[in-house]
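One structure is given below, encoded as structure tokens.
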């Protein structure tokens, strides 16, 4: 077994380390001394340690269910058919980091109409997966600016579901500055997941997401958030935070929304900027990377993310992009946030977790694995008002990525989107491969000009997230680790990252001294 490919050592506390196995996601507590030696290899075990390791192997706790499950999977496994319904080309906000060129992606000239709704349901009929469950991801622009078509889509889904025995799940990504008549009833009737773009308290939200006239958006958003929550408890509310500032700190900013006791879940994403717009510079005027996990190279050996990412990622055009979480001070804030994170779960607050963190914990604790980074081009497609079909909602603005037309369906085989993480020459050698799934193709393309050449900053962030969630789980209580995470499968975490059960058997109780099960 090879360190940072087959397993990872994660130090935590003052005296202990975790031994995380990539092959089955089992995790063991070991002493810091043993962890240090395991970074050099298993040949460093003492006789007693080797005897215990052999015992774990005989009990079936050292295994490779993940790779076996992945080889046996198809592109339809792990996620339902999902249609990103790109309802409109307009947005009333001027978010500082918008990837959609203000809502029209540089090419969408009108809102979606009736013809496109017909095309969407024809596409669904022709591309149903065996689960016979379909997600409708309502998107834009600002989708509530085209409420009549949203209502038509929902009405058609009821008719289609009854006629074809199909279950629909509804989710909308909205800034919620608009609340058209009838939308509260629609949300309640269909048990919507309402993902609200809100970056924190008033100061942060108004700076990051102003109206196009320059006014702040916080008061309008929160007024409407409260109306949605008061209208129905059957609506799942998600706060989608993009982090693009150091002050207030991540934990203080998130707590402002947490104290409102309105949101069931949060999503916390790093802002990704052109290098010239990366926000406040580091103290020395440059980028600082703090003890980042190792990124494997094509040969399988590892280089630190610090050295691998010292230069910002850039496309062939020379445009450089920076992941804000990897800037000076932000890694420390992220770690401080996760140290505090388990204490956010309280009986008097409806908070159920940060989706990406809870999904990672679920994969480790329940023996599941990610087949790929997302469902884009596998079972997830974006339908836009111009009748284009894209494998990724972030790439709608580039016609070269179109894979079909609304009136005819798929016209190109999205084979490039349907590979698995083990097929990637770099990701397939990474210890976190079955947690991450292989990296965001759109972020790869923006940074390198190639869907499959890694954006090293995005990779560094995914490794940081995986390692810090492991550390958080080791420091948290058994009560936190035992939380029910069943609901996560229906919440479209990480753009519908396809996740399957590995078939890992329940672990028998053990009393080993050197390798203690987490």
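The values are calculated or read from the model by the stated rules, or taken from the named source; none is laboratory data. Keep in mind it's a predicted model, so treat the numbers as computed, not measured. Reconstructed Cβ throughout: ideal geometry from the backbone, glycine too, with neighbour counts over all protein chains shown.
Residues are listed down the side, and each one gets a yes or a no for (1) buried (at least 18 other Cβ atoms within 10 Å of the Cβ); (2) in contact with a helix residue (DSSP H, G or I) (Cβ under 7 Å, 6 or more places away or on another chain); (3) part of a helix (DSSP H, G or I); (4) modelled with pLDDT of 95 or more:
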{"position": "382", "(1), (2), (3), (4)": "yes, yes, no, yes"}
{"position": "389", "(1), (2), (3), (4)": "yes, no, no, yes"}
{"position": "394", "(1), (2), (3), (4)": "yes, yes, yes, no"}
{"position": "397", "(1), (2), (3), (4)": "no, yes, no, no"}
{"position": "412", "(1), (2), (3), (4)": "no, no, no, yes"}
{"position": "425", "(1), (2), (3), (4)": "no, no, no, no"}
Considering only the range 443-476, state which residues are free of Cβ contacts under 8 Å to residues at least 24 places away in the same chain, assigned to a helix (DSSP H, G or I) and either at positive phi or touching a helix residue (DSSP H, G or I) at 6+ places or on another chain (Cβ under 7 Å) (or both).
none
I'd like to check something: does the range 125-137 contain any residue that is free of Cβ contacts under 8 Å to residues at least 24 places away in the same chain, surrounded by fewer than 19 Cβ atoms within 10 Å (Cβ to Cβ) and within 30 Å of residue 77 (Cα to Cα)?
no
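For the range 241-271, enumerate the residues that are in a loop (DSSP other than H, G, I, E, B) and closer than 12 Å to residue 205 by Cβ. Steps first, please.
Looking only at the range 241-271, we keep the residues that are in a loop (DSSP other than H, G, I, E, B), and these are 244-249, 259-264, 271.
Answer for the range 241-271, where residues must be in a loop (DSSP other than H, G, I, E, B) and closer than 12 Å to residue 205 by Cβ: 244, 245, 248.
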Out of 78, 55, sole residue that is in contact (Cβ under 8 Å) with a residue 40 or more places away in the chain and in a loop (DSSP other than H, G, I, E, B)
78
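Quick one: is residue 233 over 24 Å from the mean Cα position of the chain (by Cα) and outside any helix (DSSP H, G or I)? Please lay out each step first, then the result.
Numbers: over 24 Å from the mean Cα position of the chain (by Cα): yes; outside any helix (DSSP H, G or I): yes.
When the stated conditions are applied, residue 233 passes them.
This table checks each residue for (1) closer than 30 Å to residue 199 by Cβ; (2) not in a loop (DSSP other than H, G, I, E, B).
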site	(1), (2)
98	yes, no
110	yes, no
116	no, yes
129	no, no
141	yes, no
Give the residues of the range 477-492 that are in contact (Cβ under 8 Å) with a residue 40 or more places away in the chain, closer than 27 Å to residue 12 by Cα and either touching a strand residue (DSSP E or B) at 6+ places or on another chain (Cβ under 7 Å) or part of a loop (DSSP other than H, G, I, E, B) (or both), sorted by residue number.
477, 483, 485
Provide a single number: the residues in the range 12-38 that are under 29 Å from the mean Cα position of the chain (by Cα), free of Cβ contacts under 8 Å to residues at least 40 places away in the same chain and more than 16 Å from residue 471 (Cβ to Cβ).
0
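What residue, of 492, 401, is surrounded by 21 or more Cβ atoms within 10 Å (Cβ to Cβ), at positive phi and outside the structural domain of residue 8 (by TED's automatic domain parsing)?
Working: 401 fails: at positive phi.
None of the others qualify; the one that does is 492.
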Would it be correct to say that residue 378 is within 20 Å of residue 83 (Cα to Cα), in contact with a helix residue (DSSP H, G or I) (Cβ under 8 Å, 6 or more places away or on another chain) and either free of Cβ contacts under 8 Å to residues at least 60 places away in the same chain or crowded, with 20+ Cβ neighbours inside 10 Å (or both)?
yes
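Table: residues versus (1) modelled with pLDDT under 95; (2) outside the structural domain of residue 409 (by TED's automatic domain parsing); (3) within 14 Å of residue 197 (Cβ to Cβ); (4) in contact with a strand residue (DSSP E or B) (Cβ under 8 Å, 6 or more places away or on another chain).
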position	(1), (2), (3), (4)
122	no, no, no, yes
126	no, no, no, yes
135	no, no, no, yes
138	no, no, yes, yes
151	no, no, no, no
Quick test for you: out of 373, 337, pick the one residue that is within 29 Å of residue 6 (Cβ to Cβ), within 19 Å of the chain's Cα centre (by Cα) and assigned by TED's automatic domain parsing to the domain that holds residue 109.
373
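Taking the options 232, 197, name whichever one is within 30 Å of residue 333 (Cβ to Cβ) and either in contact with a helix residue (DSSP H, G or I) (Cβ under 9 Å, 6 or more places away or on another chain) or assigned by TED's automatic domain parsing to the domain that holds residue 329 (or both).
On the way: 232 fails: within 30 Å of residue 333 (Cβ to Cβ).
When all the criteria are applied, what remains is 197.
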